[in-house]
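First the structure, in the form of structure tokens, and then the observations on it.
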Amino acid sequence: ANYAAAKAGVAGLTRALARELGSRNVTVNCVAPALIDTSHRQGKAAYTPEQAEHRKSLTPMGRMGTADEIAEAVVWLCSPAASFVSVTVLRVDGALPQVRMGWGDVAAREVVQLRVAVRPLALAMSSG
């Protein structure tokens, strides 16, 4: 629960800052990495071979991402090529289903709120 709450907090902060700073031509985005292999940077294996194979099997691409791939996404967001990109959660995830990682819940929040608002109305109308 803490992990999902932290991700929701980052996405919410991204939206709030983008609204606040957009008038100053400042873009605000966040990067949502999934399974990233950082063992080459740490000088040791982050996972046992079995754990690494399991993690690789979770993504349709069949591998974990690299720290360099995350860095490239951040560099792109900071470049002139992304000058009109704002309030974006950029998923760098190898097509990993985001519901497992918590971001799907954040992206679907507005839909959930709509369902919560509409359902009592629908129930009231059907019972009348």
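The values are calculated or read from the model by the stated rules, or taken from the named source; none is laboratory data. Keep in mind it's a predicted model, so treat the numbers as computed, not measured. Glycine also receives a Cβ, built like all others from the backbone with ideal geometry; neighbour counts cover every protein chain displayed. SASA here: full protein model, heavy atoms, side chains in, ligands and nucleic acids out. Shrake-Rupley method; radii C 1.70, N 1.55, O 1.52, S 1.80 Å.
So in the stretch 10-28, with the set limited to residues that are open to solvent by 40 Å² or more (accessible area, probe 1.4 Å) and not in a helix (DSSP H, G or I), which one is nearest to ARG91 (Cα to Cα)?
By that ranking, first place goes to THR27.
Among SER57, SER126, SER86, which is farther than 26 Å from ALA1 by Cα and modelled with pLDDT of 85 or more? Full working, then the answer.
Working: SER57 fails: farther than 26 Å from ALA1 by Cα; SER126 fails: modelled with pLDDT of 85 or more.
SER86 is the lone residue from the list that is farther than 26 Å from ALA1 by Cα and modelled with pLDDT of 85 or more.
Of all residues in the stretch 47-66, count the ones that are within 14 Å of ASP93 (Cβ to Cβ) and either in contact with a helix residue (DSSP H, G or I) (Cβ under 8 Å, 6 or more places away or on another chain) or open to solvent by less than 50 Å² (accessible area, probe 1.4 Å) (or both). Reasoning before the result, please.
We begin by selecting, within the stretch 47-66, every residue within 14 Å of ASP93 (Cβ to Cβ); these are 55-56, 58-66.
Subsequent filtering for residues that are either in contact with a helix residue (DSSP H, G or I) (Cβ under 8 Å, 6 or more places away or on another chain) or open to solvent by less than 50 Å² (accessible area, probe 1.4 Å) (or both) retains 58-59, 62-66.
The qualifying residues number 7.
Cβ-Cβ distance below 8 Å, separation of 6 or more or different chains: which pairs start in the stretch 50-68 with a residue that is hydrophobic (A, V, I, L, M, F, W, C) and end on one that is open to solvent by 100 Å² or more (accessible area, probe 1.4 Å)?
LEU58/ARG100; ALA67/ARG41
Condition test on LEU35, is it touching a Ser or Thr at 6+ places or on another chain (Cβ under 8 Å), surrounded by 12 or more Cβ atoms within 10 Å (Cβ to Cβ) and touching a residue at least 40 places away in the same chain (Cβ under 8 Å)?
yes
Are there any pairs, at least 6 apart or on different chains, whose C-beta atoms fall under 6 Å, with the first in the stretch 78-94 and among the charged types (D, E, K, R) and the second modelled with pLDDT under 95, and if so, which?
Partner pairs satisfying both residue conditions: ARG91/ALA32; ASP93/ALA34.
Suppose the filter is at pLDDT below 90 and out of contact with any Leu (no Cβ under 6 Å at 6 or more places or on another chain); does TRP103 pass it?
Yes; evaluated as a whole, the condition is true for this residue.
Give the residue, chosen from LYS7, LYS44, that is over 15 Å from LEU96 (Cα atoms), touching a residue at least 40 places away in the same chain (Cβ under 8 Å) and either of a type outside the set (A, V, I, L, M) or not in a strand (DSSP E or B) (or both).
LYS7
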